[in-house]
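Remarks on the structure that follows.
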Amino acid sequence: MRIVIAGGHGKIALLLERLLAGRGDQAVGLIRNPAHVTDVHQAGAEAVVCDLEAASAGEVAVLLSGADAVVFAAGAGPGSGAPRKDSVDRAAAVLMADAAERAGVRRFVQISSMGAGQPPRSGSDEIWAAYIAAKTAAEADLRDRDLDWTILRPGGLTDAPAAGTIRLAPPPVPAGTVPRADVAAVIAALLDEPGTRHQTLELTGGDTPVVAAVHSIS
Ligand SMILES: NC(=O)c1ccc[n+]([C@@H]2O[C@H](COP(=O)([O-])OP(=O)(O)OC[C@H]3O[C@@H](n4cnc5c(N)ncnc54)[C@H](OP(=O)(O)O)[C@@H]3O)[C@@H](O)[C@H]2O)c1
């Protein structure tokens with residue numbers, strides 16, 4: 001499979017690229033900083049420079065030509081303000097979905113976040129509220145499209161080594177954390193399971209091996 005990953009230099013994206021390359025898939029990382037090309041190559045993926053806050057859907061659609069799947073793994077990241085939550089976590093996700101439709105790439109896995117889909121907890125700060133609003137809007141946009149989408153909402157991300165076991169289910173899943181390495185493994189497994197399309201899934205650490213967890217909800 002040829003899989004295009006938006007936010008190709010992100011922590012989850014680099015882990016996913018290694019997994020995909022290791023099993024013989026062709027991963028393509030879309031990055032905005034040319035200095036990140038080497039890291040993406042070292043993860044076993046092709047790198048394409050594309051700023052998702054500047055590109056048009058038509059330009060991105062050209063990059064998606066011939067792809068089998070798209071993974072949205074970009075994010076404005078810690079330290080960013082409310083405007084970039086909107087321009088990346090919402091608008092760049094919408095751009096990728098729009099481009100996927102134009103390019104005829106049906107399979108689309110979107111990394112969202114636990115907390116999306118409901119109002120932010122009372123007392124939440126303004127940035128968190130903007131982040132949750134952006135993720136919620138990106139999810140709603142994707143659900144309305146004629147794509148084979150899966151929305152994945154991880155809990156708090158850690159850089160711990162992969163546990164290999166998770167809890168994956170439609171909401172609500174109790175709050176928790178999950179290693180980015182396990183998130184990457186779940187995405188790789190979701191790409192293999194078209195039966196997970198049109199599902200919104202929450203993900204934390206748990207007791208079920210990744211492939212079994214993905215298989216059980218497909
Ligand atoms: N942190 C958490 O606890 C948590 C929990 C649940 C879900 N999530 C979500 O999980 C996803 C991935 O997390 P992560 O830790 O792997 O993220 P990350 O390491 O922050 O990676 C995000 C990537 O998006 C890229 N990006 C930002 N703006 C871009 C643009 N305009 N064009 C192209 N790429 C752009 C960044 O590139 P640069 O390096 O150039 O900035 C970065 O490489 C995000 O969507 C995040 O919201 C996070």
Max mean-square fluctuation residue, GNM over the chain, Cα-Cα springs under 10 Å, options 62, 71, 178
62
Rounded to the nearest whole Å³, what is the per residue volume of the convex hull around the Cα atoms of the stretch 1-50?
52 Å³
Quick shape summary for the chain, equivalent ellipsoid via Cα gyration tensor, semi-axes whole Å in descending order, reads 23, 21, 17
Viscosity 1.306 mPa s, temperature 10 °C, Stokes-Einstein D of the stretch 134-181 from Kirkwood C-alpha radius, µm²/s:
126 µm²/s
At a 1.4 Å probe, what is the % contribution of carbon and sulfur to the accessible area of the chain?
53 percent
In nm, spacing of pseudo-spin labels at residue 82 and residue 35 (7 Å Cα→C-beta vector)
3.0 nm
Compute the distance in nm between two label points, each set 7 Å from the Cα along the Cα-to-Cβ direction, one at residue 175 and one at residue 2.
4.3 nm
Would the stretch 161-218 count as rounded, prolate or oblate if I go by the C-alpha gyration tensor, calling it rounded below 1.5 in a/c and otherwise prolate when a/b exceeds b/c, oblate otherwise?
oblate
Accessible area per residue of the chain at 1.4 Å probe, in Å²?
43 Å²
As a test of the definition: which semi-axes, in Å, follow for the stretch 75-130 when you take the square root of five times each eigenvalue of its alpha carbon gyration tensor? Largest first, please.
26, 13, 8
Semi-axes (Å, rounded, descending) of the ellipsoid equivalent to the stretch 110-218 per its C-alpha gyration tensor are 22, 18, 10
Running a GNM on the chain with Cα contacts under 10 Å, which residue among 204, 196, 158 ends up with the highest mean-square fluctuation?
158
Mean separation of Cα pairs under 8 Å and 6+ residues apart, divided by the residue count of the stretch 104-157: what relative contact order is that in percent?
57 percent
Kirkwood radius from Cα pairs of the stretch 1-115 plugged into Stokes-Einstein at 4 °C, 1.567 mPa s, gives D in µm²/s equal to 93 µm²/s
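The values are calculated or read from the model by the stated rules, or taken from the named source; none is laboratory data. If you're wondering where the values come from, they're calculated on a predicted model, not measured in any experiment. Positions of Cβ are generated from backbone atoms using ideal geometry, with glycine treated the same way; all protein chains shown enter the neighbour counts. Ligands, DNA and RNA are stripped out before the accessible areas are found, and what is left, the full protein with its side chains, is counted by its heavy atoms. Shrake-Rupley method; radii C 1.70, N 1.55, O 1.52, S 1.80 Å.
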